[in-house]
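Student: Take this structure first; my questions come after.
The values are calculated or read from the model by the stated rules, or taken from the named source; none is laboratory data. The shown structure was predicted, so the numbers you read here are calculated from the model rather than taken from an experiment. Heads up, the Cβs are rebuilt from the backbone with ideal geometry, glycines too, and the neighbour counts pull from every protein chain shown.
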Amino acid sequence: MLDLVIVLGGAALQILLAAIALYLALRLPAPLAAKPWIAGIALCSLAGLAMTGVAMLQSERRQAELRSENATLHSQLAQAQESSTVAAKIDQLNQQIGELKSQLGRGAAAPRSVTEEQQKMLPTLLREAGGVCELGIRHAQGSPESEQFAAALAGLMQQAGWKLRWPQLLVQDKEAPGVWVMVHREADAPQCAKVLLASLNAVGIEARGVEVTALAAGTFDLLVGMP
């Protein structure tokens, strides 16, 4: 705005000088009117006026460019704010979906337990192994449900006269779901391991056998994994 006022003021001054020169040229006597200084004033005024016009055009062009740049920046800022808002809403929705899935998962999977019939049948079947069986019992780390189910099974095994030992330290990449009878190799699996696997499935507790070469030969463990 200040630039425009300055340019307009300069243009007004140039017009005033040109008018004065024209007035002197018309009103003064011929010898004075013909003096070069009057023509010089007029020419300088006209040249200044032309330069002022050019400056005004350049100023208007620059202002138009600034207005365009300002509009572009406003548009980009609005788009950035909109994108940020959308991203925040998406993150919020994903979090809510995760919480709902977690709640549904907890509600859908009922804790495993040993029924009264299984409490009667399992010790009877385990005694058929004869002799003394010894095993380690493992459960999924950080899962109270798995720990409680493993403790219930351990109690039934002790009722059958089986002995429990501390399980051998093994490195597990991930927690496996379900119930597993772990042996070093299937080919030389202990008879007690075979009886345990068959007895669990016979009473309705789904269990599977698995080879774990890191386990000491001649031993076996029971793993109660995630539900």
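Student: If Ile205 satisfies every condition in (1) touching a Ser or Thr at 6+ places or on another chain (Cβ under 9 Å); (2) over 14 Å from Arg112 (Cβ atoms) but one, which is the exception?
Tutor: (2) is the only condition that Ile205 fails.
Student: Then there's this: Does Val183 count as in the same structural domain as Gln141 (by TED's automatic domain parsing) and at pLDDT below 95?
Tutor: Working: in the same structural domain as Gln141 (by TED's automatic domain parsing): yes; at pLDDT below 95: no.
When the stated conditions are applied, Val183 does not pass them.
Student: In addition: Out of the residues in the range 148-170 that are modelled with pLDDT of 95 or more and under 40 Å from the mean Cα position of the chain (by Cα), state the one that is nearest to Pro227 (Cα to Cα).
Tutor: Looking at the filtered set, the residue picked out is Phe149.
Student: Sticking with this structure for a sec: I'd like the full set of residues that are more than 37 Å from the chain's Cα centre (by Cα) and surrounded by fewer than 16 Cβ atoms within 10 Å (Cβ to Cβ), limited to the range 115-147.
Tutor: From the range 115-147, those more than 37 Å from the chain's Cα centre (by Cα) are 115-137; that's our starting set.
Residues satisfying the conditions are Thr115, Glu116, Glu117, Gln119, Lys120, Thr124, Arg127, Glu128, Gly130, Gly131, Val132, Glu134.
For (1) surrounded by 16 or more Cβ atoms within 10 Å (Cβ to Cβ); (2) aromatic (Phe, Trp, Tyr), each residue gets a yes or a no:
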position	(1), (2)
Leu156	yes, no
Gly161	no, no
Trp166	no, yes
Leu169	no, no
Lys174	no, no
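Student: Of all residues in the range 192-227, which are farther than 22 Å from Gln148 by Cβ and in a loop (DSSP other than H, G, I, E, B)?
Tutor: Within the range 192-227, Val212, Thr213, Ala214, Leu215, Ala216, Ala217, Gly218, Thr219 meet the criteria.
Student: Could you say whether any residue in the range 97-116 is under 30 Å from Ala150 (Cα atoms), part of a helix (DSSP H, G or I) and at pLDDT 75 or above?
Tutor: From the range 97-116, those under 30 Å from Ala150 (Cα atoms) are 98-116; that's our starting set.
Keeping just the survivors that are part of a helix (DSSP H, G or I) gives 98-108, 116.
Next, from what is left, pick out any that are at pLDDT 75 or above: 116.
There is at least one residue in the range 97-116 that is under 30 Å from Ala150 (Cα atoms), part of a helix (DSSP H, G or I) and at pLDDT 75 or above.
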